[in-house]
1. Would you mind stating whether Leu332 is part of a helix (DSSP H, G or I), open to solvent by less than 70 Å² (accessible area, probe 1.4 Å) and either among the basic types (Lys, Arg) or at pLDDT 80 or above (or both)?
2. State whether one or more residues within segment 345-358 are of a type in the set (Gly, Ala, Ser) and at pLDDT below 70.
3. Just one of Lys76, Lys83 is more than 18 Å from Leu234 (Cα to Cα), open to solvent by 20 Å² or more (accessible area, probe 1.4 Å) and at pLDDT below 85; which is it?
4. Quick one: Tyr182 ticks every box in (1) modelled with pLDDT of 85 or more; (2) out of contact with any strand residue (DSSP E or B) (no Cβ under 8 Å at 6 or more places or on another chain); (3) of a type in the set (Phe, Trp, Tyr) except a single one, so which number is it?
Amino acid sequence: MTETENKAGITLEFDAAEAPVAPQTPSVTDSAVTEDMKKEAELTPEEQKQVDAFVDKIDITNTSAVMNYGVGTQKKLADFSQKTIDNVRTNDVGEVGTMLSDLVTQLKDFDIDENEKGIKALFKKQANKVTALKAKYSTVEKNVSTIVKELEKHQVTLMKDIDVLDRMYDLNLNYFKELTMYIIAGKKKLEQVRATDLKELQDKAAASGLPEDAQKAKDLTDKCNRFEKKLYDLELSRTIALQTGPQIRVVQTSDTEMAEKIQSTIVNTIPLWKNQMVIALGIEHSTQAAKAENEVNNMTNELLKKNADKLHVAAAAAAKESERGIVDIETLRHTNEQLISTIDDVINIQRDGAQKRHAAEAELTDLEGQLKQKLLEASRG
């Protein structure tokens with residue numbers, strides 16, 4: 001066995017022995033990502049030197065070694081690609097979308113505006129309104145807290161998946177570069193053999209006219225052709241690696257967006273909704289205080305008839321000031337509606353993202369089938 005290795009950890013091997021088994025990869029299409037991969041996969045001077053050194057170690061006449069040329073990397077890539085596809089299929093954040101839908105339902109259940117508008121909806125039965133609001137809030141808050149805890153768990157899982165996907169992307173890029181180096185070295189070797197050894201045998205056969213010389217030239221031609229097919233096979237594997245990079249980024253972007261939506265819900269939507277309850281109770285207490293104040297003023301007016309006019313004006317002014325605080329319920333209702341609309345938009349975006357992922361899954365399956373069919377056709381010559 002002959003091999004060369006660089007500081008990046010990429011090792012090129014030329015050995016007739018069985019190809020190594022792929023290591024375990026952590027389980028977890030954008031043109032810009034594809035171009036970035038190509039750029040990052042350009043060989044460094046050290047890697048180019050490694051390729052040049054490896055060319056001399058390649059023996060096209062060694063049938064067994066040629067058969068296993070680059071197979072180790074292909075096996076690692078095949079296992080890696082399968083794990084990536086499995087992750088795309090299983091990493092469906094639909095459960096998170098369902099929980100967000102449940103959250104919207106809970107918030108809609110706690111709607112101050114029921115059948116009537118304005119003040120009547122909140123203060124129709126003042127004696128029991130505060131108690132009713134507190135009881136209703138307590139029930140909804142319990143359900144909301146349960147949903148939030150589950151969302152926090154999913155957020156932690158998504159953040160871990162994002163980190164794993166970063167490592168997967170780097171590993172896939174390493175496979176892409178490793179295959180590139182095998183292909184470059186193989187093409188250089190093939191060009192050398194055809195320009196030197198093969199040409200010499202062909203010239204010798206033409207000069208001697210002996211069948212054995214012609215057979216030697218034909219044998220080497222066949223071996224060159226087989227090696228060329230092997231290089232094409234590696235190029236197909238390299239294309240798979242090139243396509244896998246954007247796939248990883250698509251999944252990672254989806255996870256990142258969902259983690260951000262969860263965070264926004266926890267730190268913004270839920271606290272605002274709780275503040276709504278505090279404001280509603282505060283307004284109710286202010287209304288009751290204003291009512292008590294008005295009753296005191298009326299009694300004072302009866303006792304102090306001489307100041308009736310002044311007390312009447314004062315009572316009216318106090319009533320107006322008290323009513324000004326109640327008008328803010330319209331703003332409160334508008335805030336509640338906007339919060340619910342925001343979460344509805346998040347759900348619609350998530351559903352659209354799920355549909356796109358399902359479509360991507362079907363396309364990936366189709367591409368996989370096309371690639372397998374092409375490889376089968378190539379293997380049949």
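The values are calculated or read from the model by the stated rules, or taken from the named source; none is laboratory data. Because the structure is predicted, anything quoted here is derived from the model rather than measured. Methodologically, a virtual Cβ is constructed for each residue, glycine included, from the backbone with ideal geometry; neighbour enumeration extends over all protein chains shown. To get the accessible areas, we keep the full protein, side chains included, count just its heavy atoms, and leave off ligands, DNA and RNA. Shrake-Rupley method; radii C 1.70, N 1.55, O 1.52, S 1.80 Å.
1. no
2. no
3. When all the criteria are applied, what remains is Lys83.
4. The single condition Tyr182 does not satisfy is (2).
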